[in-house]
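So the structure is just underneath, and the comments pick up after that.
The values are calculated or read from the model by the stated rules, or taken from the named source; none is laboratory data. No experiment lies behind these values; they were computed from the predicted model shown. For neighbour counting, all protein chains shown are included, and Cβ atoms are generated from backbone atoms with ideal geometry for every residue, glycine included. The protein model used for the area step is the full one, side chains on, heavy atoms only, and it has no ligands, DNA or RNA in it. Shrake-Rupley method; radii C 1.70, N 1.55, O 1.52, S 1.80 Å.
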Amino acid sequence: MKRYNPQEIEAKWQEVWADGKTYEVSDKADRPKAYVCEMFPYPSGAGLHVGHVRNFMIVDAIARFYRQLGHNVMRPFGYDTFGLPAENYAIKTGLPPQETTLTNINHFREQFKRMGMGVDWSRETNTSDPEYYRWTQWIFARLYEKGLAYQAENFQWWCPHDKTVLANEQVEGGKCWRCGNEVEKKRMKQWFFKITAYADELLDEIDNLDWPEKIKTMQRNWIGRSEGAEIEFVVKNTTRKVRVFTTRPDTIFGATFMVLAPEHPLVSRLTNDKTRKAVGKYVTEAMRKTEVERQENKQKTGVFTGSYAINPATGEPIPIWVADYVLATYGEGAIMAVPAHDERDYEFAEKFKLPIKQVIRPLVTGEKNEDAIRRNVISAVVKRPSDGKFLFVKWHKFGWISPVIGGIDPGEAVEEAAVREVFEETGYRTRFIKKLGGEVEKYFFAENKGEWRHAISQPVLLELTEETPSAVSAAEKKIQEPVWLTHDEAMEQVTHPDNKIGLDRFTNGVKNYGLEGTMMNSGAFDGRQSSEVREDIVAWLEEQGVGKSKTTYRMRDWLISRQRYWGCPIPIAYDAAGKAHLIPDDQLPVLLPKITDYQPDDSGRSALAKDKKWLKVTIDGQEMTRETDTMDGYACSSWYLLRYCDPKNAKQAWDKQKVDYWSPVDFYVGGDHAVAHLLYVRFWCKFFADEGLLGFREPVKRLLYNGYINAPDGKKMSKSKGNVIDPLDIVDQGYGADALRVYELFIGPYELDAAWDPRGIGGVYRFLNRVWTVTQEYLAASSAKGGDPADLLKAQHSTAKRVTEDLHRNSFNTAIAALMEYVNELYKLKTSGFSPEWQEALETLVKLLAPFAPHIANELFEQLGHSESIEEAGWPKWDDSYLVASEVEVVVQVNGKLRAKFSVPADTAVDEDEIKKLALSQENVQNFVSGKQVVKTIYIAKNHLINIVVK
RNA sequence: GGGCGAGUGGCGGAACUGGUAUACGCGGUGGACUUAAAAUCCGCUGCCCAAAAGGCUUAUGGGUUCGAGUCCCAUCUCGCCCACCA
């Protein structure tokens, strides 16, 4: 008998697929299409490790599954080749990125082929190929014509190490995403793509995407739409105006000062002789600070400009300050500060002794209204650990606890029984008493002693039922009366030096519970609810011409300029006057010249600036100088999904018909780029649709976001940690690509991270070996006997069903488990020769296995006597009639606990009375039922489960 | 601080709409084959009890239900993302 030899059969089938161009597809097919691909990789010099390849295996399994289902499946591959790592490598070695990139691609392609990936290689795409980036430039031109590519001078993130500006998305925790060095702010003229023009659609359409919630939430947060108002404050004794954005126009009467960001253009004009020096110093220092330094020091700093603005609501002058807690890049770069109702403003006001004016009375303070009491107050019983006794308290969410009585004096320790008694007496119906974990520090006012107390307790929370008898609530109100504090009184208590509660707790209270409430100190608006008055205040300001509704986004425009060599050149040139001109379409591509000195410098221009010859260009007979910035690599990757549909087109970026046939992508698989790339592809797609270049507005129908495979120690695999596992090592150890593929999908759900277990692959290899062996035994025997065909058919059909359903919900690990069970079953049934049932059982096995382990599946399918491919043979169907068992096992529970099982013929299982009789006659059931009264029985025919309830 | 997600054996994990918890694999263990080992094959393997019977068990506490890993409330722990966004 021939042994399972992965090396041999894998080489054979990889050759068959390559020679036969098996996976090349065209858009001319009368089958339903399926477009499946992964986020294309950056081909690094290090090659792939077993962590990277999982998403390729997911894609390949899906692609093969849909091919077998009869779909016209496009499964392309490509390389994201522009970018910093290749250029840094060129600087280090002097080797041109054009060459190293091709070397790396060749390495990747080889690795990829040896995994047995079913790829349409005719669609291979490389973003640094002039035939590709020519169209990236063409897209830039279209964006430029529509005003969606523009230049602006601005403060930008600058990486001093890589000497380039970075997009917001590329700054991670104040550090460069590539080199990890701290970034700085630098004022530069840069190119932007106006993604904010599509902010609303990008946000609203998220709801309709079949994407993981996690990614959708991240995109929503990233776009960060805030509805509010834009309000103008006139600077006192001038005609100058400071514009602010606020989401809380209702608090305008409480705006007691203003704050500008250090970068705000008006700062220098608002200073006077006295303040100029201090403000200048503060601004310089703030600008010099790196983002990390600004984040580390959350202590409020700031300086007074010397100017005042007029609060348009009150007419009062309020001081204008400069502080770096206000961000230049959000809203108007200036705020109206309302210290009474904003934590950050409160902190600032406290530090610089600025006035605090309360304009909203939070519901919880002073409101003697039952609703408010119920919503904002939790009744609690504090249990003292030392003696297990209880203390009744009522907890204000302002961070301290005051006692509520109800028959027991505050501070009095009582037995648990007494606690229950009181609750019964007062009519509170307790739903539960529960222990909370850990100790809690509480401050409470001991009424009988007339002083504030501090306690460490283990609280036991007690929730009240909804209906509290009116007699009780009246009594409760009476008791509570002295405890309720107004906002001012509360603040007094809290800030009193003898009180240990501290400001933190109080401001937390304000933040969480003081934001909405009843208006006060707000003129005509007093007495109304803050949430209801917002629009009216905006309307009132608008009448005076000083405000209007406005929506602001957290997302900024996409900065695409890179002062680097190895990127797609921006197709722009400047005339003698410095005016920008598009390079005409017929002069595209703007080829990236081959140079020798790649080193960037502090000039703010890329190494391209050193190529004097390249710099010169003639447009319409006019001599001009080329733009030396290149585009962010994300620009190149924002449209490759479209190019895959028409990769060889030399006349246009793509043919609309072809793209409309294949797109949108049915399955897009990756484990990275949750916001950046996945937002940019959506943005460009919408733009192309508006230009009439596409017939759809969302490029990715379904997104599968896969988890990482980590090293056995649970850490990320990386070259520097030396814990990288090369997939080809696993293959060459003798396990083969099939075992590797099956293992990576079997290790756990695809969306979760998993740790590589070197022993796990052995189990999977054993499984494939058993698949091989059971088939060989069948083929080798000559006479026709074997297991009971009924058992065989049942196993075959139920496995087909399970695997199909699991694949439809991308549950690869359970699909493989089902196949393992099937093989174990085949082993038990023991074939020893040909029979039509066994032939079909094994063909089904091999077909179901093909998406995961295509080499062994194709080999065995051939050995089973087929010359056509597995794809042509199609996906196994199942017949539910084989799944119906002749006998079923009835499960008997008594009071929900399993007590007995017995078998009955399937047609008996529908007879409830009969089942009940049989259940009660079971010996072990009688042990639990006899002497007790059967209250009722519940029979669930679907699960053939009966539950007997006794008392 | 905010948002999202997750806690099930020694380990990775299974249980689709509430209905026999621990499928499948790893590891462990006993046996067969072998002079021996590897490979392979066949058992056993959540915990407590000598075994049977029984009891306990899906982070913790509670609720709803005939019945809860699954639904609800609270608490704890871990992970990821965002983070002075007005």
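Being more than 9 Å from RNA strand B (Cβ to nearest atom), open to solvent by less than 40 Å² (accessible area, probe 1.4 Å) and of a type in the set (A, V, I, L, M, F, W, C) is the filter here; which residues of the stretch A:895-910 pass it? If you could, list the steps in order and put the result at the bottom.
Keep residues of the stretch A:895-910 that are more than 9 Å from RNA strand B (Cβ to nearest atom), which gives A:902-910.
Pick out the ones that are also open to solvent by less than 40 Å² (accessible area, probe 1.4 Å) and you get A:902, A:904, A:906, A:908-909.
Those that are more than 9 Å from RNA strand B (Cβ to nearest atom), open to solvent by less than 40 Å² (accessible area, probe 1.4 Å) and of a type in the set (A, V, I, L, M, F, W, C): A:902, A:904, A:906, A:909.
How many residues are within 13 Å of RNA strand B (Cβ to nearest atom) and open to solvent by 30 Å² or more (accessible area, probe 1.4 Å) if we restrict to the stretch A:227-262?
So the count comes out to 4.
Would the stretch A:534-541 turn up any residue that is open to solvent by 20 Å² or more (accessible area, probe 1.4 Å) and within 16 Å of RNA strand B (Cβ to nearest atom)? Break it down stepwise before answering.
If we filter the stretch A:534-541 for residues that are open to solvent by 20 Å² or more (accessible area, probe 1.4 Å), which is where we start, we get A:534-536, A:539-540.
Next, only the ones that are within 16 Å of RNA strand B (Cβ to nearest atom) stay: A:534-535.
Yes, that holds for at least one residue.
One residue is enough: does the stretch A:911-923 have a residue meeting the conditions open to solvent by less than 30 Å² (accessible area, probe 1.4 Å) and within 16 Å of RNA strand B (Cβ to nearest atom)? If you could, list the steps in order and put the result at the bottom.
So the first thing to find is which residues in the stretch A:911-923 are open to solvent by less than 30 Å² (accessible area, probe 1.4 Å), and the list is A:915, A:919.
Those still in the list that are within 16 Å of RNA strand B (Cβ to nearest atom) too: A:915, A:919.
Yes, the stretch A:911-923 contains at least one residue that is open to solvent by less than 30 Å² (accessible area, probe 1.4 Å) and within 16 Å of RNA strand B (Cβ to nearest atom).
Can you tell me which residues in the stretch A:933-951 are surrounded by 15 or more Cβ atoms within 10 Å (Cβ to Cβ) and part of a loop (DSSP other than H, G, I, E, B)?
Across the stretch A:933-951, the qualifying residue is only A:944.
Identify all residues within the stretch A:733-771 that are part of a helix (DSSP H, G or I), open to solvent by 50 Å² or more (accessible area, probe 1.4 Å) and acidic (Asp, Glu); write none if there are none.
Of everything in the stretch A:733-771, nothing turns out to be part of a helix (DSSP H, G or I), open to solvent by 50 Å² or more (accessible area, probe 1.4 Å) and acidic (Asp, Glu).
Of the residues A:679, A:694, A:641, A:703, only one is farther than 26 Å from residue A:57 by Cα and touching a residue at least 12 places away in the same chain (Cβ under 8 Å); which? Write out each step before concluding.
Working: A:679 fails: farther than 26 Å from residue A:57 by Cα; A:641 fails: farther than 26 Å from residue A:57 by Cα; A:703 fails: farther than 26 Å from residue A:57 by Cα.
The match here is A:694.
If you take just the helices (runs of 4 or more DSSP H) that sit entirely in the stretch A:193-296, which of them hold at least 3 residues that are within 14 Å of residue A:322 (Cα to Cα)?
Details: elements: A:199-204, A:213-223, A:276-288, A:291-296.
Ranges flagged: A:276-288.
Could you please let me know if residue A:84 is in contact with a strand residue (DSSP E or B) (Cβ under 9 Å, 6 or more places away or on another chain), touching a residue at least 60 places away in the same chain (Cβ under 8 Å) and open to solvent by 30 Å² or more (accessible area, probe 1.4 Å)?
On the way: in contact with a strand residue (DSSP E or B) (Cβ under 9 Å, 6 or more places away or on another chain): yes; touching a residue at least 60 places away in the same chain (Cβ under 8 Å): yes; open to solvent by 30 Å² or more (accessible area, probe 1.4 Å): no.
So residue A:84 does not fit the description; no.
Have a look at A:116, A:51 and point out the one that is assigned to a loop (DSSP other than H, G, I, E, B), at positive phi and not acidic (Asp, Glu).
Working: A:51 fails: at positive phi.
The unique qualifying residue is A:116.
Considering only residues that are within 30 Å of residue A:224 (Cα to Cα) and either in a loop (DSSP other than H, G, I, E, B) or touching a Pro at 6+ places or on another chain (Cβ under 6 Å) (or both), which ones fall in the stretch A:643-682?
Narrowing the stretch A:643-682 to residues within 30 Å of residue A:224 (Cα to Cα): A:663-682.
Matches in the stretch A:643-682: A:663, A:664, A:666, A:671, A:672, A:673, A:674, A:675, A:681.
For the stretch A:56-74, how many residues meet the condition of being assigned to a helix (DSSP H, G or I) and open to solvent by 10 Å² or more (accessible area, probe 1.4 Å)?
We begin by selecting, within the stretch A:56-74, every residue assigned to a helix (DSSP H, G or I); these are A:56-68.
Next cut, open to solvent by 10 Å² or more (accessible area, probe 1.4 Å) only: A:66-67.
Residues in the stretch A:56-74 being assigned to a helix (DSSP H, G or I) and open to solvent by 10 Å² or more (accessible area, probe 1.4 Å): 2 in total.
Test of understanding: among A:579, A:651, A:610, which residue is charged (D, E, K, R) and within 28 Å of residue A:177 (Cβ to Cβ)?
Values: A:579 fails: within 28 Å of residue A:177 (Cβ to Cβ); A:651 fails: within 28 Å of residue A:177 (Cβ to Cβ).
When all the criteria are applied, what remains is A:610.
Out of A:886, A:930, which single residue is surrounded by fewer than 18 Cβ atoms within 10 Å (Cβ to Cβ), away from RNA strand B (no atom under 11 Å from the Cβ), closer than 30 Å to residue A:797 by Cβ and of a type in the set (Ser, Thr, Tyr)?
On the way: A:930 fails: closer than 30 Å to residue A:797 by Cβ.
Going through A:886, A:930 in turn, the sole match is A:886.
Write out, first by first residue and then by second, each pair whose Cβ atoms fall under 9 Å of each other, whose residues are 6+ apart or on separate chains, and whose first residue, in the stretch A:929-944, is on the phi > 0 side of the Ramachandran plot while the second is open to solvent by 70 Å² or more (accessible area, probe 1.4 Å) and near RNA strand B (Cβ under 9 Å from one of its atoms).
What qualifies is A:944/A:889.
Report, by residue number, each residue of the stretch A:121-172 that is aliphatic (A, V, I, L, M) and either at pLDDT 95 or above or more than 12 Å from residue A:184 (Cα to Cα) (or both).
Step one: filter the stretch A:121-172 for residues aliphatic (A, V, I, L, M), giving A:139, A:141, A:143, A:148-149, A:152, A:165-167, A:171.
Matches in the stretch A:121-172: A:139, A:141, A:143, A:148, A:149, A:152, A:167.
Within the stretch A:210-225, take every residue that is under 22 Å from residue A:248 (Cβ atoms) and open to solvent by 30 Å² or more (accessible area, probe 1.4 Å) and give me the one that is nearest to RNA strand B (Cβ to nearest atom). Outline the logic, then answer.
Residues of the stretch A:210-225 that are under 22 Å from residue A:248 (Cβ atoms), as a first pass: A:220-221, A:223-225.
Narrowing the set further to residues that are open to solvent by 30 Å² or more (accessible area, probe 1.4 Å) leaves A:220-221, A:225.
Working: A:220: 8, A:221: 5, A:225: 9 Å.
So the residue we want is A:221.
Check whether at least one residue in the stretch A:568-577 is open to solvent by 30 Å² or more (accessible area, probe 1.4 Å) and modelled with pLDDT under 95, and report yes or no.
Checking the stretch A:568-577: at least one residue is open to solvent by 30 Å² or more (accessible area, probe 1.4 Å) and modelled with pLDDT under 95.
Taking into account only those residues within the stretch A:652-682 that are touching a Cys at 6+ places or on another chain (Cβ under 9 Å) and closer than 17 Å to residue A:208 by Cα, which is farthest from RNA strand B (Cβ to nearest atom)? Break it down into steps so the answer makes sense when it comes.
First, the residues of the stretch A:652-682 that are touching a Cys at 6+ places or on another chain (Cβ under 9 Å): A:654-655, A:658-665, A:667-669.
Filter once more, keeping what is closer than 17 Å to residue A:208 by Cα: A:663-665, A:667-668.
Details: A:663: 28, A:664: 24, A:665: 23, A:667: 19, A:668: 19 Å.
The selected residue is A:663.
Condition first: within 30 Å of residue A:682 (Cβ to Cβ) and either modelled with pLDDT under 95 or within 14 Å of RNA strand B (Cβ to nearest atom) (or both). Can you find one or more residues in the stretch A:273-296 that meet it?
Yes, the conditions are met somewhere in the stretch A:273-296.
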